[in-house]
Structures are given as C-alpha cells and as structure tokens.
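One structure is given below, encoded as structure tokens.
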Amino acid sequence: MTGWNRRHTGTWVAALALALANVVIWATGNLVMQALAGVVVLALLPGALLAGLLFRQDESLDILERMALGVGLGYVCLVLGTLLLHYLPGPLTRILLLAPYDALVAVLILLRARQSARPTVGPGVPRRVAAALALVVIIGALFRLPNLGYSEFQGDEGRAMLRAAEVLQGQDQVLFLHKKGPAEILLPAATYALAGHIDEWTARFPFALANLAALVALFVLGRRAFGVRVGLLAAGLMVIDGDWGAVARIVQYQSIVLLTTF
C-alpha cells in the first residue's frame, strides 16, 4: 500500500489541484485568483499530465526538460481546446469552457493512475546549474511580471481584446477576420469566459508566463545541443533582450510562438 501511494503521489496532487482550481473559479469573485486557477485547469494540468504519459519511461529527460515539455503542451491544449469550443454554435460560456477541460484532466488523471509502473526518474540536475537557472528565471520574472497592468490596452492589444469579446458572444467569423494567428485572441477569451470580466493584468499574465517558460525551454535546448554553459548564456541573453522582454508584457502572440518553437 505504501508503494502504491508513492507511485501515485502525482495523481493525487493533480486531482487535488483540479478540485481546488474549480472551487476558486466558481466560489470566489477575485479576478486574479480566477485567472490563475484558469491557467492551472486549462494549461498547466493538461500539459503536465500529457507530458507525463507521453514521456513516462524516457530515461533521458530530467525534471527541467519535463517541465518545459509540460508547459509547452499545456499552451497547445489551451489554444486548440478553446479554438474547438469556439467553433461550437453559440457563445463561449464558463461552463462550456470549463466542463470539457475538467473532463480532459479527469481522463488524464485516470490514465496516469492505471499505469502499473512508477514513472522513470531522469538524470538529476546539478545544484549549481539549478541555482544558475533559477537566478536567470528570477531576473526574467522581475522584468516581466511586476506591474503588468501598467497601462490600458494599447494598439494591437485593444484589437485582440475586442476580438476576444466577440468570441465570447459566439461570432464565428472573428478569427477568420483577424490577420494573425488566433492565440492572442483565444488566451484572453478563455480568461474572460471563466471570470466573466477581465483587466490588463489578467489578460497579459498568460503571455508573460509563456515568455518565462521559454527561458527554461531555451536553456534545456541549448544544453542539449551545446552544453550547460551555452544553455545558460542563451537564456541569460534572452532575459536582457529588450524585444523579448517587451512582448512578454503585452497581449500578443510572440511569446507563445517563442515557447512552442523551442
């Protein structure tokens, strides 16, 4: 029994996170908390569970690579899932958005629980490397997260937010009229549908989070190809690059492209 509990600790954690996130979304009126819970249900949980199932026995992947794959897959789930639900007739409501994702996560949790073997533990990450990467991510967060609601929506942001509102109203032609990819519309539309309203901070946060995750993805990619030093150098340069720091703080698609490309 003790071995079973250890083997399925991740399953229990995922189930608890799903339950708590739903409580926050339905029972609280705090916009920030609802937005964060929405990211957990719509992106982080599906991505982490999918990565765990797909790469469960891959001995070459360490925890950082699994994290990068999980977050990347999570954003794929968020964009594609919201896109498919938008194509259904009628407006995009909270229940219409949340119920399929809850069902998806529940199925993934059950599939994980049915696995008979413990997941493979990949190679460890040296403490110095982990500390250096943590410093890079912290510096990146200081440039990307504080005061995200610094201004009202500007320029292309306003256009994306208007399109997001039209998605909620069930206007099927919206994404076809938009001259860019749908991700920059669907992410804020998902938050908007879950909470019933949205502001600058909650609209921009998923893009800032994707930009931060891209730092880790760039590090593990550089480390795989050229070694630890090159991986850290690449991630460090991205932290101080003004262009990538700027697009992390607006409702635009570049941060999603950056993460999924890596």
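Structure notes:
- Each peptide in 148-160, 192-204, 220-232 receives the mean, over its residues, of other Cβ atoms within 10 Å, and ordering these scores from highest gives 192-204, 220-232, 148-160.
- Percent RCO, i.e. relative contact order, over the chain, from Cα pairs under 8 Å lying at least 6 residues apart: 23
- The chain: DSSP helices with Cα axial extent of at least 15 Å and average Kyte-Doolittle hydropathy no lower than 0.0: 9-27, 63-86, 94-114, 127-144, 183-195, 200-226, 228-240
- Placing dummy labels 7 Å off each Cα toward the beta-carbon, the span from Phe226 to Leu88 is 4.6 nm.
- Top of Leu177, Leu92, Leu36 by mean-square fluctuation, Gaussian network on the chain, Cα under 10 Å: Leu177
- Surface share of carbon and sulfur [accessible, 1.4 angstrom probe, percent] for the range 40-101: 79
- Remark: the chain carries 49 Å² of accessible area per residue (probe radius 1.4 Å; ligands, DNA and RNA excluded).
- Long-range tail of P(r) for the chain (Cα pairs > 33 Å, %): 22
- Over the range 159-224, the pair-distance histogram of Cα-Cα distances with 5 Å bins from zero comes to 3, 17, 24, 17, 14, 10, 7, 5, 2, 0 percent, rounded to whole numbers.
- Kirkwood Rh (inverse of mean 1/r, distinct Cα pairs), the range 168-262, angstrom: 14.6
- Restricted to Cα atoms, the range 87-214 shows a radius of gyration and a Dmax of 19.1, 53 angstrom.
- Normalised by 2.2 N^0.38 Å, with N the number of residues, the alpha-carbon radius of gyration of the range 43-82 equals 1.11.
- Applying the criteria of a DSSP loop state and at most 16 other Cβ atoms within 10 Å to the chymotrypsin sites (Phe, Trp or Tyr not before Pro) of the range 1-104 yields Tyr87.
The values are calculated or read from the model by the stated rules, or taken from the named source; none is laboratory data. This is a predicted model, so every value here is computed, not measured. Methodologically, a virtual Cβ is constructed for each residue, glycine included, from the backbone with ideal geometry; neighbour enumeration extends over all protein chains shown. Note: areas computed on protein heavy atoms with side chains; ligands, DNA, RNA excluded. Shrake-Rupley method; radii C 1.70, N 1.55, O 1.52, S 1.80 Å.
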